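Okay, so here's the structure we're looking at.
The values are calculated or read from the model by the stated rules, or taken from the named source; none is laboratory data. Note that this is a predicted model, so its numbers are computed, not measured. We place every Cβ from the backbone using ideal geometry, glycine too, and count neighbours over all the protein chains shown. Heavy atoms of the whole protein, side chains included, go into the accessibility calculation; ligands, DNA and RNA do not. Shrake-Rupley method; radii C 1.70, N 1.55, O 1.52, S 1.80 Å.
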Amino acid sequence: MEFLQALGIKEKNYGASTGREWLKTTDQGELQVTSPVDGKKVASVYRASQADYQALIKKALAAFETWRMVPAPKRGEIVRQIALKLRDFKKPLGSLVTYEMGKSIQEGWGEVQEMIDICDFAVGLSRQLSGVTMHSERPRHRMYEQYHPLGIVGVVTAFNFPVAVWSWNAAIAAVCGDVVLWKPSSKAPLTAIAVQNILHDVLRDNDLPEGIFNLVIGSGAAVGETMLNDKNVPLISLTGSTQVGRHAAEVIGKRLGRTILELGGNNAIIVTPDADLKLTLPAVVFGSVGTTGQRCTTTRRLIIHEDIYEKVKESLFKAYSGLRIGDPMDENSHVGPMVDVAAVEDMQAALKRIKEAGGKIVYGGEVLSGPGYESGCYVKPCLVEAENHWEIVQEETFAPILYLIKYKGEVSNAIALQNGVPQGLSSAIFTNNLRESEAFLSHAGSDCGIANVNIGTSGAEIGGAFGGEKETGGGRESGSDSWKQYMRRQTNTINWSTELPLAQGIKFDI
């Protein structure tokens, strides 16, 4: 395929890179990458070794000594050049995202656009890394705060956004003066290799050292656990399941390291009688079936007032019945495959539990077969009538299953249902009632990190800090002032007097 060639993807690829060079270990086994689109083998990747990991750490530590002293606007210039390269490779890289993990081609290209956007954001940020100045209680003293680079930032990404999440972290970390060690999902390693190939020319043309942008593809035992325990990596940003995040937090916490955790979501949309259904229905459908239900911000629960419940259910049935499920490389397809057969099996197991709990399947859920569906990864998105307290509903099932939940009375009852799950990532309400929308956004409203009015749960902009509360992990990536997480804070006091007064008026004469 032309996009593979354009991105430098070979039949066999190495799994460790310093940004300038590939480490050529071949004795740790190979990852065989098969596309969920057609079930065909795409390429393979040699897994990195423990020795490769240690070599990358050594290069990264050396690069950090140089990179941290480059002025932040100059670091921003490098990120600007990376954004230009990404613009050149938007079509092929987006195509690889789609072919490797299955999201629609529009979403694949959109993911690369996210990379470009966060780079642009980081370029502006590179001239705004500011501290504050405050008045000292001591005469002729100046006091202020400043931020310094941390060092190596570990970035662990999931398959569903195989390149965007790396960029959210890497672009900001880079302008902050950090270097990056990236461990991508073993389900989507080729996109990470392609990104390293894109970065190469920028690093070479600017005569930058090896070790600023590092990549390591390996097993959890050989690479993942080592990174979690490594005191040379002061911050790890991890995107994954709550179970994986809980383990990472425990391991990193024992060494008093820092984490940014973006974990599971169980996102709900509340639909009140005052909702504009012309806005509501497209948002719900995209939110629930986009990326075949494999977004952390996927709409998983629809909390509908009893007065409009049947109308909304009928409209969704009609919309779901019209979805075009097929090759995601075709721009006319709405829904592509799930990432692999194991994901399909997880969805079917969840549907079995739903039926056992008393749930009613309104539409879909079947595994598709026949021409065009040979990979075994295509399913019909599913509508289910359910109750919020059921154990299966309380969990995040990473699949296109939308639970229809009825509420009665005031919007506060819907908000209680919305908040009544362990996760707290994204939430939304559709209403034209000002009091309902303000209640949803109030201190007594949504307990999620993201709360929207009259837009869905998916599609966060890079300018806003991204992340959630409770079992979602509490971390924040991307925009706003999230850059502060990638730096260490320091308070400075300068005495420019000829005396040595102590704070709080303490006297200490010698």
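Using modelled backbone amide H atoms (1.01 Å from N, in-plane), which distant-in-sequence or interchain residues come within less than 5 Å of His305's amide H? When sequence neighbours closer than 5 places are left aside, the close amide H contacts are Val271, Tyr407.
Carbon-plus-sulfur fraction of the accessible area of the chain, 1.4 Å probe, in percent? On the chain, the fraction of accessible area on carbon and sulfur atoms equals 50 percent.
Each residue of the range 113-129 was assigned a 3J(HN,Hα) from its phi angle through the Karplus expression (A = 6.51, B = -1.76, C = 1.60, θ = phi - 60°), giving 4, 4, 4, 4, 5, 5, 5, 4, 4, 5, 4, x, 4, 4, 9, 9, 7 Hz with x at Gly and Pro. Identify the residues of the range 378-416 with backbone N under 17 Å of a label point that sits 7 angstrom from the Cα of Gln348 along the Cα-to-Cβ direction, or state none. Those under the cut-off are 378-382, 398-401. The phi torsions of the range 296-312, fed into the Karplus equation with coefficients 6.51, -1.76 and 1.60 and a -60° offset, translate into couplings of 5, 9, 3, 6, 10, 10, 10, 9, 10, 5, 4, 5, 10, 4, 5, 5, 5 Hz, rounded to whole numbers, with Gly and Pro shown as x. Radius of gyration over Kirkwood radius for the chain, both on Cα atoms: the Rg/Rh ratio is 1.01.
Beta bridges from DSSP with both residues in the chain: antiparallel share about 40 percent, rounded to the nearest 5.
When only alpha carbons of the range 222-340 are considered, Rg and Dmax amount to 19.8, 58 Å.
Secondary-structure-derived ellipticity at 222 nm for the chain, considering helices only, amounts to -11500 deg cm²/dmol, per-run term -39500 (n - 2.57) for DSSP H runs with n ≥ 4.
Here the range 8-131 carries DSSP beta bridges of which approximately 80% are antiparallel, counting only pairs with both residues inside. Close amide H contacts of Cys296 (hydrogens built in the peptide plane, cut-off under 5 Å, sequence separation of 5 or more or a different chain): none are found. About the centre of its Cα atoms, the range 1-152 shows a dipole size close to 600 debye [charges on the beta carbon of Lys, Arg (+1) and Asp, Glu (-1) only; nearest 20 debye]. Over the range 45-169, accessible surface divided per residue gives 40 Å², non-protein components excluded, 1.4 Å probe. For the range 201-304, the list of trypsin sites (Lys or Arg not before Pro) that fall in a loop by DSSP and count at most 12 other C-beta atoms within 10 angstrom reads Lys231, Arg255. Dipole magnitude for the chain: about 1040 debye, using +1 per Lys or Arg Cβ and -1 per Asp or Glu Cβ, origin at the Cα centre.
For the range 53-181, what is the Kirkwood estimate of the hydrodynamic radius, computed as the reciprocal of the mean inverse distance between distinct Cα atoms, to one decimal in Å?
Over the range 53-181, the inverse of the mean reciprocal pair distance is 16.4 Å.
Every Cα-Cα pair in the range 373-510 was counted, and those over 18 Å apart are 70% of them. The GluC sites (Glu not before Pro) of the range 294-373 that DSSP puts in a loop, and whose beta carbon has at most 10 other beta carbons within 10 Å, are Glu331.
Put simply, the amide H of Asn454, placed in the peptide plane, has neighbours under 5 Å in Ile429, Phe430, Thr431, leaving out anything fewer than 5 places away on its chain. Applying both filters, DSSP loop and at most 16 other Cβ atoms within 10 Å, to the trypsin sites (Lys or Arg not before Pro) of the range 445-510 gives Lys507. Counted over the range 288-422, the DSSP beta bridges are approximately 30% antiparallel.
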